[in-house]
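**Q** Here it is: the structure, laid out below.
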Amino acid sequence: MSIVLETKNLTKTFGGLMAVSDVSLAVRAGEAFAVIGPNGAGKSTFLNLLSGLAAPTHGDVYLNGVRVTGTPAHTLRRAGLSRTFQNGRLFARLTVLENVMAGACPGEKQDLLGVLGARGSYNRWQAALEARAGDALKRLNLWDMRDKYVGELPFGVQRNVEIARALAAEAKVVLLDEPAAGLNLGERVALVNTLNDMKAQGLAVVLIEHDMGLVMSWSDRVAVLNFGEKIAEGTPTDIRTNPKVIEAYLGSEDAHA
Ligand code: ADP
Ligand code: MG
């Protein structure tokens, strides 16, 4: 399978702190790729570098073989790379449908205004957006909730709306930052279904997750970060028995496996 997302020697420092250190990896089309590591290992920073939210201090990111280092997030989104956030970034006072339509937009603020303007009178562009958002909502069983305000929904449903928003952008590569965190059992089951569906659809997915059961059962490949460095990469079975990985988790007081 062809490589869709690649990093070469990716590095990010904050002052004297090396948050991501010389990380090279490649994610292939249709691959379920997990990034794990103890708290503070650099996982979210790594995702920020991949998604154009932060610029690396050193090293490069390639999307479909094209160097995209330093390219802003909304441009990458147009090129087929979408993400969710560890702490969620939905508009609480917009409906589920409006949030997902905003995600389906190619740009940022001006598109949100376009979505808000869509309340009432639709032009063709807005109708196309709604159709795409509707498809994503149906895939995630959220269609019945489309007119609910996001701020009134349970946390787990909000996380799911975030994934719908990423999918509505017609992403080919989706980056998920701890989507299982804070979910109840039923919500976790729904998430696993969604992740399996994404895999079946041939999307490349990069999943950051602390839920080891989920990581080990879903991933094709796992990379492990510790103090910003990639200390291991391989199949879930390789990773589970890798002495360096075991040490990284046992050696870190706040690590939760
Ligand atoms: P993880 O997601 O694996 O828990 P992070 O990527 O959030 O780790 O953080 C990696 C390290 O970088 C941590 O030590 C964190 O405190 C630091 N860090 C993250 N973002 C910033 C920032 N914007 N400014 C300074 N330090 C940061
Ligand atoms: Mg994080």
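**Q** Could you check the range 35-79 and list, in sequence order, the residues that are assigned to a helix (DSSP H, G or I) and away from ligand 1 (no atom under 15 Å from the Cβ)?
**A** Hits for the range 35-79 are A73, H74, T75, L76, R77, R78.
**Q** Sticking with this one: Run down L129, L142, L137 and say which single residue is open to solvent by less than 20 Å² (accessible area, probe 1.4 Å), farther than 15 Å from A104 by Cα and in contact (Cβ under 8 Å) with a residue 24 or more places away in the chain.
**A** On inspection, the qualifying residue turns out to be L142.
**Q** Name the one entry in V35, V23 that is within 11 Å of ligand 2 (Cβ to nearest atom), among the aliphatic types (A, V, I, L, M), closer than 26 Å to L195 by Cβ and in the same structural domain as A232 (by TED's automatic domain parsing).
**A** Going through V35, V23 in turn, the sole match is V35.
One line per residue, one yes/no per condition, for (1) assigned by TED's automatic domain parsing to the domain that holds A73; (2) under 11 Å from I36 (Cβ atoms); (3) more than 19 Å from the chain's Cα centre (by Cα):
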| residue | (1), (2), (3) |
| --- | --- |
| E162 | no, no, no |
| L176 | yes, no, no |
| N193 | yes, no, no |
| E209 | yes, yes, no |
| W218 | yes, no, no |
| V245 | yes, yes, yes |
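**Q** Would you tally the residues in the range 159-191 being within 16 Å of ligand 1 (Cβ to nearest atom) and open to solvent by 10 Å² or more (accessible area, probe 1.4 Å)? Write out each step before concluding.
**A** Of the residues in the range 159-191, the ones within 16 Å of ligand 1 (Cβ to nearest atom) are 175-182.
Narrowing the set further to residues that are open to solvent by 10 Å² or more (accessible area, probe 1.4 Å) leaves 178, 180-182.
Qualifying residue count, the range 159-191: 4.
**Q** In the range 20-34, how many residues are in contact with a Phe, Trp or Tyr (Cβ under 9 Å, 6 or more places away or on another chain) and open to solvent by less than 10 Å² (accessible area, probe 1.4 Å)?
**A** 5
**Q** Can you tell me which condition S82 does not meet? The list is (1) more than 16 Å from ligand 2 (Cβ to nearest atom); (2) small (G, A, S); (3) surrounded by fewer than 22 Cβ atoms within 10 Å (Cβ to Cβ), and all the others hold.
**A** The one condition S82 does not meet is (3).
**Q** Moving on to the next point. Would you tally the residues in the range 6-34 being in a loop (DSSP other than H, G, I, E, B) and under 18 Å from L207 (Cα atoms)?
**A** 3
Yes/no per residue for (1) buried (at least 22 other Cβ atoms within 10 Å of the Cβ); (2) in contact with a Pro (Cβ under 9 Å, 6 or more places away or on another chain):
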residue: K148; (1), (2): no, no
residue: N193; (1), (2): no, no
residue: V205; (1), (2): yes, no
residue: W218; (1), (2): no, yes
residue: E233; (1), (2): no, no
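**Q** Any idea how many residues of the range 1-34 are within 14 Å of ligand 1 (Cβ to nearest atom), of a type in the set (A, V, I, L, M, F, W, C) and over 16 Å from the mean Cα position of the chain (by Cα)?
**A** Looking only at that region, the number is 7.
**Q** Another question, then. Going by the structure shown, is E152 open to solvent by 10 Å² or more (accessible area, probe 1.4 Å), out of contact with any strand residue (DSSP E or B) (no Cβ under 7 Å at 6 or more places or on another chain) and not assigned by TED's automatic domain parsing to the domain that holds N64? Outline the logic, then answer.
**A** On the way: open to solvent by 10 Å² or more (accessible area, probe 1.4 Å): yes; out of contact with any strand residue (DSSP E or B) (no Cβ under 7 Å at 6 or more places or on another chain): yes; not assigned by TED's automatic domain parsing to the domain that holds N64: yes.
Against the criterion (open to solvent by 10 Å² or more (accessible area, probe 1.4 Å), out of contact with any strand residue (DSSP E or B) (no Cβ under 7 Å at 6 or more places or on another chain) and not assigned by TED's automatic domain parsing to the domain that holds N64), E152 qualifies.
**Q** Further question: Spot the failing condition for G228; the list is (1) open to solvent by 10 Å² or more (accessible area, probe 1.4 Å); (2) on the phi > 0 side of the Ramachandran plot, and only one is missed.
**A** With respect to (1) open to solvent by 10 Å² or more (accessible area, probe 1.4 Å); (2) on the phi > 0 side of the Ramachandran plot, G228 is out only on (1).
**Q** Within the range 44-55, can one find any residue that is without any contact (Cβ under 8 Å) to a residue 60 or more places away in the chain and open to solvent by 50 Å² or more (accessible area, probe 1.4 Å)?
**A** Yes, the conditions are met somewhere in the range 44-55.
The values are calculated or read from the model by the stated rules, or taken from the named source; none is laboratory data. For clarity, every value in this text was computed on a predicted model and none was experimentally measured. Don't worry about glycine lacking a Cβ; one is built from the backbone with ideal geometry, like all the others, and counts go over all protein chains shown. Quick note on the areas: whole protein, heavy atoms, side chains included, nothing else; ligands and nucleic acids left out. Shrake-Rupley method; radii C 1.70, N 1.55, O 1.52, S 1.80 Å.
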